[in-house]
1. When the stretch A:47-72 is examined, which residues are found to be at the interface with another protein chain (Cβ under 8 Å from one of its Cβ atoms) and aromatic (Phe, Trp, Tyr)?
2. Select, from A:Gly19, A:Gly34, A:Gly75, the only residue that is within 11 Å of chain B (Cβ to nearest Cβ) and either open to solvent by less than 50 Å² (accessible area, probe 1.4 Å) or within 17 Å of B:Leu50 (Cα to Cα) (or both).
3. Name the single residue, out of those in the stretch B:44-82 being hydroxyl-bearing (Ser, Thr, Tyr) and closer than 27 Å to A:Ala36 by Cβ, that is nearest to the other protein chains (Cβ to nearest Cβ).
4. Quick check: anything in the stretch A:3-14 away from ligand 1 (no atom under 15 Å from the Cβ), away from chain B (no Cβ under 14 Å) and part of a helix (DSSP H, G or I)?
5. State yes or no: is B:Leu35 in contact with a Leu (Cβ under 7 Å, 6 or more places away or on another chain) and either open to solvent by 30 Å² or more (accessible area, probe 1.4 Å) or assigned to a helix (DSSP H, G or I) (or both)?
6. Any idea which of B:Met83, B:Met71 is more than 30 Å from B:Thr46 (Cα to Cα) and assigned to a helix (DSSP H, G or I)?
7. Search the stretch A:22-38 for residues that are within 19 Å of A:Leu101 (Cβ to Cβ) and pair each with any residue that is open to solvent by 60 Å² or more (accessible area, probe 1.4 Å) and not charged (D, E, K, R) when their beta-carbon atoms are under 8 Å apart and the residues are at least 6 apart or on different chains.
8. If a residue must be away from ligand 1 (no atom under 16 Å from the Cβ), under 16 Å from the mean Cα position of the chain (by Cα) and either more than 13 Å from B:Leu36 (Cβ to Cβ) or among the β-branched types (Val, Ile, Thr) (or both), how many such residues does the stretch B:67-89 contain?
Amino acid sequence: MAQSNSRPLSPHLTIWKWGPAMAVSIMHRVTGNGLATAGALGLVWWLMAAATGPDAYAYFVRCATSPIGYLVMIGLSWFFFQHLCSGLRHFVLDMGAGYELRNNKSWSIATFILSLLLTGFMWLYIFGKAL
Amino acid sequence: MGTGTGIGRVRGLGSAKHGAQHWLVQRYTAVGNLLLVLWLLFSLLTLPGLDYESVTGWIANPLVAVPMMLMIVSIFWHLRLGMQVMLEDYVHDKGLSFFSMLLLNFYAFGGAAAGVFAIAKIAFLGAAE
Ligand code: HEM
Ligand code: HEM
């Protein structure tokens, strides 16, 4: 093959640098699949427990309100808000907008800030109401 | 599978005509999830309590049971499509890939059926004593 080896071989699988766009893309996959497994199973468990009767429901509530239960629910709610924000980002990119480097970076960071704010405010509201 | 021509090697590996539909339905169901899960979260936050009586009484209302069923369908459809993409990226062995699609279909249809059945039971029979 008449190929010059003085030309750059980029992009290359071993040459990359962390950036917000990469993080948001990876997190979209992680959160989507986390919701698809733990989130969906938790939801069906809740509905099945409610359909089965007071005892099954009481057992669900005991699990959900244990320290681990709260940890899981807080984590799932953050996953949901993060997936929601990066999903909306997908819609914008799908329309062909938002690829300018600065814009792309700012909106990637914005999805993380927004999802953390939404999660924080929701749980502040929940714990505030319980007090 | 042939080892000769290019078309012979790719035949039987699936049509190249479903991608756009998959992509679109991923988006349709994403909008469904967006509206319906936010509705559920907002409802759970504003319900007087999340105890057995409040929750079953709430779900028994047709204006709750129907969107709740739609939410189950939207979520499981969306995750069926989404997890397929993830599995196609990571499971390379043909046999395992086939098996993972089989399990994914069982999971998606089984989970959706369980969810819809639970809602229907509460809606039709009310709270169990
Ligand atoms: C996997 C889906 C989830 C289901 C099916 C579910 C349902 C429930 C139920 C039925 C309880 C028992 C409430 C009680 O009587 O004490 C509970 C505890 C709680 N859940 Fe979840 N939950 C899930 C994830 C979440 C998420 C994402 C949130 C955020 C909105 C949340 C918010 C709460 C709160 C605030 C409590 C405590 C309520 C209390 O102490 O009265 N849950 N959850
Ligand atoms: C709780 C409900 C949801 C679940 C269980 C879920 C699950 C998933 C999964 C598993 C994927 C595949 C990710 C991958 O492996 O690449 C995915 C992709 C996607 N989700 Fe969701 N999702 C949910 C809600 C949403 C919402 C509310 C939106 C929109 C705001 C959304 C937008 C998207 C989009 C646009 C994709 C496709 C991304 C691509 O083409 O690469 N999802 N979702």
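The values are calculated or read from the model by the stated rules, or taken from the named source; none is laboratory data. Here the structure is a predicted model, which means the values were calculated and not measured. Cβ coordinates were reconstructed from backbone atoms using ideal geometry, including for glycine residues, and neighbour counts include every protein chain displayed. Ligands, DNA and RNA are stripped out before the accessible areas are found, and what is left, the full protein with its side chains, is counted by its heavy atoms. Shrake-Rupley method; radii C 1.70, N 1.55, O 1.52, S 1.80 Å.
1. A:Tyr57
2. Exactly one residue qualifies, and that residue is A:Gly34.
3. Only one residue fits best here, namely B:Thr56.
4. no
5. The answer is no for B:Leu35.
6. Going through B:Met83, B:Met71 in turn, the sole match is B:Met83.
7. Going by the 8 Å Cβ cut-off, the qualifying pairs are A:Met22/A:Trp16.
8. Here the count works out to 9.
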